[in-house]
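The values are calculated or read from the model by the stated rules, or taken from the named source; none is laboratory data. Because the structure is a prediction, the values reported are computed rather than measured. Don't worry about glycine lacking a Cβ; one is built from the backbone with ideal geometry, like all the others, and counts go over all protein chains shown.
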Amino acid sequence: MQTASTKQELREQLSLYRGKRIVMVPTMGALHEGHASLLRQARELAGAEGCVVSSIFLNPVQFDNAGDLATYPQTPEADLAVCRACGVDVVFMPTPDIMYCADRSIHLEETHLSTVLCGAKRPGHFAGVCLVVNKLFNLVQPTDAVFGKKDYQQLAILRRMVRDLDIPVTLHGAEIVREADGLALSSRNVRLTPEHREAAPTIRRSLLAARQAYRAGASEESTCAGVQQALTHIPGVRVDYVELVDAETLHPLADATRPALLAVAAYFGDVRLIDNIELTRTV
Ligand code: AMP
């Protein structure tokens, strides 16, 4: 496994693999089993001949909250061990000043899918994601990239970016990896208090109950209300949103028989957790 901290080093390391399958997994570090599952999926897609590239870059441009950026866990040594164990070939670990020119002046904004859910709550977040992923795609020129469905809206927006900008890469969505108690793995979970860590699986439990209710014919409103109520009961928890939307457009369901997404974001203290579940009516 090779590591690159500059764009030049990255180019040199990748030159060996041009013409082969290059599969990329962008991350912000503090890697856990969710990231590892993406890396293993990338290794499978790349095969023995191809190349798996992961980036570990805590992208300041996508943070709408300075406190969240300042407290985001960073574990570079352990991250490299995870990458090695998952068969990564090249790890790109730039610093912000290597990634960005101080006077950068290009803004890249998706204007439809980004206006709802987390996009409505975190101004500038998805523009920062689009910018960094676009830059990473330009640097690496991957044939494929793997993203987790935990960040379902991010994946939908990146698919739109790739489509609308004709970026020659195939995106793959990976299933959410969870703790045994149902909590979706997240780099931010380590920041939960013991009480909030214990209560956090309520998110998953309430989403599962909501799916059952929706299948059985519950209205969109009562489906969302069930999740909202389950979370509001927990001391120190503030629900950011609970919304049921069309799984493709992320906007309100025009047709109740279409695949839907129930998405939730909630603050456990100052730690913002997100999760989601895909739903369909059985009618
Ligand atoms: P992050 O480091 O949070 O930017 O995440 C990097 C990638 O890992 C993104 O594509 C995430 O969707 C994905 N990811 C994060 N947590 C999970 C999880 N629990 N299961 C599956 N994928 C995940």
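A few points about this structure:
- Answer from 131, 117 - the residue that is modelled with pLDDT of 95 or more, in contact with a Leu (Cβ under 7 Å, 6 or more places away or on another chain), within 12 Å of residue 263 (Cβ to Cβ) and not assigned by TED's automatic domain parsing to the domain that holds residue 250: 117
- For segment 33-49, the tally of residues that are more than 7 Å from the ligand (Cβ to nearest atom) and either in a strand (DSSP E or B) or not basic (Lys, Arg) (or both) stands at 11.
- Of everything in segment 150-165 that is within 21 Å of residue 53 (Cβ to Cβ) and of a type in the set (D, E, K, R), the residue that is nearest to the chain's Cα centre (by Cα) is 151.
- Criterion applied to 203, 176 was being within 13 Å of the ligand (Cβ to nearest atom), hydrophobic (A, V, I, L, M, F, W, C) and within 18 Å of residue 28 (Cα to Cα), and the one residue passing it is 176.
- Residue check, residue 202 closer than 27 Å to residue 111 by Cβ and modelled with pLDDT of 95 or more: no
- Members of segment 237-261 found to be in contact with a Phe, Trp or Tyr (Cβ under 7 Å, 6 or more places away or on another chain) and surrounded by fewer than 16 Cβ atoms within 10 Å (Cβ to Cβ), listed by number: 238
- Scanning segment 208-215 for residues that are of a type outside the set (D, E, K, R) and in a loop (DSSP other than H, G, I, E, B) turns up nothing.
- Scanning segment 14-32 for residues that are part of a strand (DSSP E or B), within 11 Å of the ligand (Cβ to nearest atom) and not hydroxyl-bearing (Ser, Thr, Tyr) returns 24, 25, 26.
- Test: residue in segment 143-163 that is within 14 Å of the ligand (Cβ to nearest atom), part of a helix (DSSP H, G or I), in contact (Cβ under 8 Å) with a residue 60 or more places away in the chain and under 27 Å from residue 9 (Cα atoms): no
- From 115, 71, 75, 111, residue being within 16 Å of the ligand (Cβ to nearest atom) and free of Cβ contacts under 8 Å to residues at least 60 places away in the same chain: 75
- Residue within segment 99-108 that is outside any loop (DSSP other than H, G, I, E, B) and either within 14 Å of the ligand (Cβ to nearest atom) or over 25 Å from residue 266 (Cα atoms) (or both) present: yes
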